[in-house]
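Structure in structure tokens, see below.
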There are 2 protein chains.
Amino acid sequence: MRPQIVLFGDSITQQSFRSGGWGAALADTYSRKADIINRGYGGYNTRWALFLLHHLFPLVSTKPPVAATVFFGANDAALLGRSSERQRVPIEEYKENLRKIVRHLKECSPTVLIVLITPPPVDEAGRKEYAQSVYGEKADELPERTNEVTRLYAEQCIELAKEMGLCSVDLWSKMQEIEGWQKKFLSDGLHLTPEGNAVVHQEVVRVFNEAWLSAAEMPYDFPHHSEIDGKNPEKAFQQQCL
Amino acid sequence: MRPQIVLFGDSITQQSFRSGGWGAALADTYSRKADIINRGYGGYNTRWALFLLHHLFPLVSTKPPVAATVFFGANDAALLGRSSERQRVPIEEYKENLRKIVRHLKECSPTVLIVLITPPPVDEAGRKEYAQSVYGEKADELPERTNEVTRLYAEQCIELAKEMGLCSVDLWSKMQEIEGWQKKFLSDGLHLTPEGNAVVHQEVVRVFNEAWLSAAEMPYDFPHHSEIDGKNPEKAFQQQCL
């Protein structure tokens, strides 16, 4: 009965139900109003995401999601010739893949509210520290992602949202407005701290509110307990349940 | 495609996706393996929960949950003649209502794994402090719930689990094993702190593992990114997606 909001993305979506995570916070914001469904796939880029589309969002579904966040790019923006090259997707293809994802979601439901989210900024020093903590001396000297290259991907994401008339969150820019974003928002130069998760939560809620999906304006899925008469509970449930 | 695990209960379930919440933690434990669906209804007792049964768990569902936690009693155990009397359900009826919930879930799916969870203990001093912080001098002098009465409800819950051969979590007893449980696990004498949420998460995961629903033994819903060949991604998706 409750509408579904699907979070489609990479590890930053997959991990969003960890303590302080933006997915869990969204589930709490929409408590008793919508179900938040996590479809985050760690390590995935937009090219690999396309394989999942028809399975996650079947065209024949009787109950397509009312909204979806599409949050890729952190892996697509990996650099050629570096340790994460396998995940890299050229920038033009990244944009086209996002377009295919959006078109598919709209084919499932013409009214679906789609929010494109850019990858977060990359803190190259943080990535290096992280690599050294894991691989020690074997860690690569050269970064596998840079903030400048990720910027280009973020720009394409925002440009596509404009072209297609979609809502978007420019996370790459938003986070860098705050001094010390590198450690404040990123735990390993790429993934999010609880504060970084809070930025995503706040921005997604803002965009949902500005569109037509404000939790405050949505009904509870059954009577609030204060509306139930202890001596005559049937009355409160009459309309929906009897 | 992913199996569903439904959390059915009162406010302690409804709030379980707040920061540090047990529902969110469970969603993270079963990340990419099962969807955790929150069906918590703040203030509800088992009598009111019965009105929702056929709506939340339709008998004709093609995809009933593989598991469900049933976590009521904190409101049923409210005292007669006190401020929360409206929510009270007599103890015999509480047990019968739980039995009806279990029977309905089994009618939806004979194989569903049901975990009954007792209400947590009540810290009467904590409840009083909370009431005073909200209502000031107008706060009732007498408690609306006591730990001793809640114990009786917890016992009925455990007894029913034994009678019906179900898994259970005796949260009432478990929490009181730790010195200082009153403030450590309860935020207002009744609802859970992050530490209290961690106890529920740990106990539910333990019971699921002891049954047949261990996350470690469940497959990811699509290839792990490390199994995807960057030059030939089709191969990894062939079995499931092409």
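Could you tell me what a quarter of the Cα convex hull surface of the stretch B:38-84 works out to, in nm² with one decimal place?
3.9
Return the single residue from A:155, A:141, A:227 with maximal mean-square fluctuation; model: Gaussian network over chain A, springs between Cα atoms under 10 Å.
Greatest mean-square fluctuation among the candidates belongs to A:227.
Give me the net charge of residue A:49's neighbourhood, meaning all other residues with Cβ under 10 Å from the Cβ of residue A:49; Lys, Arg count +1, Asp, Glu -1.
+1
When Lys and Arg each count +1 and Asp and Glu each count -1, what net charge do the other residues less than 12 Å away from residue B:40, Cβ to Cβ, add up to?
0
Now for a separate question. What number, rounded to the nearest 500 deg cm²/dmol, is the helix-based mean residue ellipticity at 222 nm of chain B, given -39500 (n - 2.57) per DSSP H run of at least four residues and division by all its residues?
Value at 222 nm, helices only: -13500 deg cm²/dmol.
Please compute the net charge surrounding residue A:26, taking Lys and Arg as +1 and Asp and Glu as -1 over other residues with Cβ under 13 Å from its Cβ.
Taking every Cβ under 13 Å from that of residue A:26, the sum is 0.
Just tell me how shielded B:40-51 is by partners: mean number of partner chain Cβ atoms within 10 Å of each residue's Cβ, no decimals.
5
For chain B, with a Gaussian network of springs between Cα atoms less than 10 Å apart, report the residue from B:76, B:28, B:123 with the top mean-square fluctuation.
Looking only at B:76, B:28, B:123, the largest GNM fluctuation is found for B:28.
Same structure, new question: Would you mind giving the mean number of other chain beta-carbons within 10 Å of the Cβ of each residue in A:8-17, as a whole number?
Other-chain Cβ atoms within 10 Å of each residue's Cβ, averaged: 2.
What FRET efficiency would be calculated for the residue pair residue B:188, residue B:55, taking the C-beta separation as r and a Förster radius of 35 Å, to the nearest 0.05?
Efficiency computed from Cβ-Cβ geometry: 0.70.
When DSSP beta bridges are limited to those with both residues in chain A, what percentage is antiparallel, rounded to the nearest 5?
So the antiparallel bridges amount to about 5 percent of the total.
Need the C-alpha centroid separation for the stretch A:78-153 versus the stretch B:63-119, integer Å.
46
How do A:56, A:80 line up, fewest other C-beta atoms within 10 Å first?
A:80, A:56
Let me ask another. Could you tally up the Lys pairs in chain A with alpha carbons closer than 21 Å? Skip any pair fewer than 8 positions apart unless they're on separate chains.
The result is 14.
If the convex hull of the alpha-carbon atoms of the protein assembly as shown is projected onto planes in all directions, what is the mean projected area in square nanometres?
24.8
For q values of 0.15, 0.16, 0.17 Å⁻¹, compute log₁₀ I(q)/I(0) with the Debye formula on a Cα-only model of the stretch B:4-241, without solvent.
So the normalised log intensities work out to -1.00, -1.12, -1.24.
Hey, another quick one. Of the DSSP beta bridges with both residues in the protein assembly as shown, give the percent that are antiparallel, rounding to the nearest 5.
Given both bridge residues lie in the protein assembly as shown, the antiparallel proportion sits at roughly 5 percent.
In degrees between 0 and 90, to the nearest 10, how far off the longest principal axis of chain B does helix B:194-210 point, with axes built from Cα atoms?
Compared with the principal axis, the helix lies near 50 degrees.
When you look at the Cβ of every residue in B:232-242, what mean number of other chain Cβ atoms sits within 10 Å?
The per-residue average across the peptide is 2.
Each reported figure results from applying straightforward, stated rules to the coordinates on display, with no laboratory input. No experiment lies behind these values; they were computed from the predicted model shown. Neighbour counts are summed over all protein chains in view; Cβ atoms, including those assigned to glycine, are modelled from backbone coordinates with ideal geometry.
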